[in-house]
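Heads up: the structure comes next, in structure tokens.
The values are calculated or read from the model by the stated rules, or taken from the named source; none is laboratory data. Remember, it's a predicted structure, so these values are computed and weren't measured experimentally. So basically every Cβ, Gly included, is an ideal-geometry build from the backbone, and we count neighbours across all protein chains shown. Side chains are part of the model used for accessible areas, which takes the heavy atoms of the whole protein and leaves out ligands, DNA and RNA. Shrake-Rupley method; radii C 1.70, N 1.55, O 1.52, S 1.80 Å.
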Amino acid sequence: MLSPSPIFVAGTGRSGTSRIADIIGQHPLIHRIPMETRFLIDPGGLRDLADALTERYDPTIGEDALHRLSDFLTVRVPGRRDDRGKTVPELVGEQRYRDAVQQLWPRLIAYTYDEPAPAEGFGNADRPAGPFVPLSRRRVVPRHFSDRGELLGILRGLVETMFGGAAADAGKPTWCEKTPFNLLCMDFLWELVPEATIVHIKRHPVSVLASHLDQPWAPSTVDGALAYLKPVYQQWLTWKNRADLTGRRYLEVKAEDLAADWPGQRRALFERLGVDDFATAKTFQSHKLANRNDQFDAETREFIEEALGEVIPAMGYE
């Protein structure tokens, strides 16, 4: 049996990602990072930085990527709270988080210097606009990594310090992180953590769309939800059709299958994750998944199914 590896949970959103991440995190050997950390794959996060300091490098692109990552790690992530009022730094250890972020910058920066700040208002180079105008601003020259693997090793260390440290605090040897759009970033996640297992949970696309209509962050009309979701499915299917998953730890599971035979499917899930079975408090239940089945009248459902076209069978549904 494989030793437990770090786990990323992926899906379209509204497909059971939170539920399966909670279940995996209830295993005695796996600690769930309790909220979406976002800084791995979101715009301005580690994925953008990896490209900006390697194949997309020029000093301006690199400096902009560092500015955005700095804002992400020092402002946005610490300022975002989950439904319990917790932040990512609090959940992984505030001192650990701060130390890891501070230790990151010297490894990414080649040189720092001060640039005279442009005057504002009626000021000029000899005569500042007012007594409080800064005379200079700090600039950085980002490192160029001709060896992308070196940069990924630095970023991997950041992740392992935070997530691995949080798992150790919980008395567990490995961790699970859930962000739905890990779905579209699997190549980068495996670059970052080559030994990781990615668990992709699926749900019938019509049910996924129905659930999106009730979310404040998603379009509230059928046409809008189709515009939002269909490209996500198409992007993932395009990737899957060309991906070489040989040697990759990759699992696809259907929420409906989990609910239909929970004990058996749970046992199979944990076996594929390289751990013994464990009776978790949370489960998948058929009646909770069926609540979307009658959300649309026959005409609307037919319209949605026609609009999704080949997406439904390609995702394994008829």
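Here are the numbers for this structure:
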item: Gyration tensor verdict on segment 220-306 (Cα atoms; rounded if a/c is under 1.5, prolate if a/b is larger than b/c, oblate otherwise); result: oblate
item: Rounded Å value of the spacing that divides the Cα centres of segment 41-116 and segment 170-207; result: 21
item: Residue with peak Gaussian network fluctuation, the chain [Cα springs, cutoff 10 Å], from Leu91, Leu46, Leu73; result: Leu91
item: Accessible area per residue, Å², the chain with all protein chains present, probe 1.4 Å; result: 50
item: Built amide H within the under 5 Å cut-off of Thr197, gap 5+; result: Ile7, Phe8
item: Residue-wise HN-Hα coupling along segment 74-89, computed from phi with Karplus coefficients 6.51, -1.76, 1.60 (Hz; x: Gly, Pro); result: 9, 10, 5, 5, x, x, 9, 10, 7, 6, 9, x, 9, 10, 4, x
item: GNM flexibility winner over the chain from Phe181, Phe284, Phe303 (Cα, springs under 10 Å); result: Phe303
item: For the chain, built as a Gaussian network whose Cα springs stay under 10 Å, the top-fluctuating residue of Arg143, Arg81, Arg47; result: Arg81
item: Karplus (6.51, -1.76, 1.60) ³J(HN,Hα), θ = phi - 60°, over segment 304-318, in Hz, Gly and Pro reported as x; result: 5, 5, 5, 5, 6, x, 6, 4, 4, x, 5, 8, x, 10, 10
item: Partners for Lys288 among lysines (Cα-Cα distance below 20 Å; same-chain residues under 8 apart left out); result: Lys202, Lys254
item: Near-label residues of segment 287-307 by backbone N, under 11 Å of a point 7 Å along Cα→Cβ of Ser220; result: none
item: Of all accessible heavy-atom area on the chain, the percent that carbon and sulfur account for (1.4 Å); result: 49
item: Label-point separation in nm, Arg139 to Arg56, each point 7 Å along Cα→Cβ; result: 2.1
item: Sequence ranges 287-294, 219-226, ranked by mean other-Cβ count within 10 angstrom, highest first; result: 219-226, 287-294
item: Interchain or long-range residues, amide H under 5 Å from Thr174's placed H; result: His31
item: Structure-derived Rg and Dmax of the Cα atoms in Å: which label, when the choices are [x] 18.9, 66; [y] 22.7, 77; [z] 21.4, 66; result: [y]
